[in-house]
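S.K.: Here it is, the structure, as structure tokens.
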């Protein structure tokens, strides 16, 4: 089987369970934004200098794969998806990120003066964390845009998760730069 199915040549793509949508649909934009975030985390994962970053990033990437599954589930098929994928982004995931915010802040990640200027410290892992942070903010805005569609947002915890993740990524950028 080839990766080039040609099914998207007319501007549509597949969600789960055979549902097709226009590639310009807000749900597809959200999927793409989360996929970009996951890809942006790749260089940070490779370049990370700090043990905390090496612990956080792979876990977040695994959760983002599940999050994309949630976004790719057509409205009304959530129970069907849950039969094979019981894990969802939940308050537990948000609490885990909250714990990292507290740990990084207590460890000195906030020891900066004025505005943080991405890349100023000359540390690639810090710059990668800042790139991932802005990709995270774009993904967050894209998911919020689903609220205004008839499909709605599949899981309100996703916005909280992405919001908190952007905080963690900002802190990781400062942490990596130290």
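S.K.: For a quick protection proxy, order the peptides 142-148, 32-38 by their average other-Cβ count within 10 Å, most packed first. Before the final figure, lay out the partial values.
M.R.: Values: 142-148: 17.6, 32-38: 20.9.
Per-residue mean Cβ counts within 10 Å order the peptides as 32-38, 142-148.
S.K.: Right, next: Defining a contact as two alpha carbons under 8 Å apart and six or more residues distant in sequence, what relative contact order in percent does region 65-178 show? Working shown, then result.
M.R.: Details: 103 pairs, mean separation 44.9, N = 114.
Computed over region 65-178, the figure is 39 percent.
S.K.: Now for a different question. When the helix-only estimate is applied to the chain (DSSP H runs of n ≥ 4, each -39,500 (n - 2.57), divided by the residue count), what is the mean residue ellipticity at 222 nm, nearest 500 deg cm²/dmol? All intermediate terms of the calculation are to be shown ahead of the outcome.
M.R.: Numbers: 6 runs with 109 residues, N = 178.
The per-residue figure over the chain is -21000 deg cm²/dmol.
S.K.: Considering Cα pairs under 8 angstrom that are at least six residues apart, work out the relative contact order of region 1-112 and quote it in whole percent. Before the final figure, lay out the partial values.
M.R.: Values: 60 pairs, mean separation 24.7, N = 112.
So the answer I get is 22 percent.
S.K.: Calculate log10 I(q)/I(0) of the chain for q = 0.09, 0.11, 0.17 Å⁻¹, where I(q) comes from the Debye formula with a single equal point scatterer on each Cα and nothing for solvent.
M.R.: -0.35, -0.51, -1.04
S.K.: Relative to the compact globular guide of 2.2 N^0.38 Å, what is the alpha carbon radius of gyration of region 78-147, as a ratio? Intermediate values should be presented prior to the final figure.
M.R.: On the way: Rg = 16.7 Å, N = 70, 2.2 N^0.38 = 11.1 Å.
After normalising by residue count via 2.2 N^0.38 Å, the value is 1.51.
S.K.: Can you tell me the length gained on complete extension of the stretch residue 123 to residue 22, counting 0.36 nm per residue apart and subtracting the Cα distance?
M.R.: Working: separation 101, 0.36 × 101 = 36.36 nm, distance 4.00 nm.
32.4 nm is the gain from fully extending residue 123 to residue 22.
S.K.: Taking the Cα atoms only, what angle lies between the long axis of helix 157-177 and the longest principal axis of the chain, rounded to 10 degrees?
M.R.: With both axes taken from Cα atoms, the answer is about 30 degrees.
S.K.: Consider just the alpha-carbon atoms of region 1-90 and return their Rg together with their Dmax, both in angstrom.
M.R.: When restricted to Cα atoms, region 1-90 yields Rg and Dmax of 15.4, 46 Å.
S.K.: Can you compute the equivalent ellipsoid semi-axes for region 45-95, i.e. the square root of 5 times each eigenvalue of the Cα gyration tensor, sorted largest first and rounded to whole Å?
M.R.: Working: eigenvalues 156, 24, 11 Å².
Working through the eigenvalues yields semi-axes of 28, 11, 8 Å.
S.K.: Hey, what does the equivalent ellipsoid look like for region 18-62, semi-axes from the Cα gyration tensor as sqrt of 5 times each eigenvalue, largest first, whole Å? Mind dumping the intermediate values first?
M.R.: Details: eigenvalues 176, 18, 8 Å².
For region 18-62, the semi-axes come out at 30, 9, 6 Å.
Values quoted throughout were computed directly from the atomic coordinates according to the rules given, and no laboratory measurement underlies them. These numbers were taken from a predicted model, which means no experiment stands behind them. All Cβ positions, even for glycine, are placed from backbone atoms using ideal geometry, and neighbour counts span all protein chains on display.
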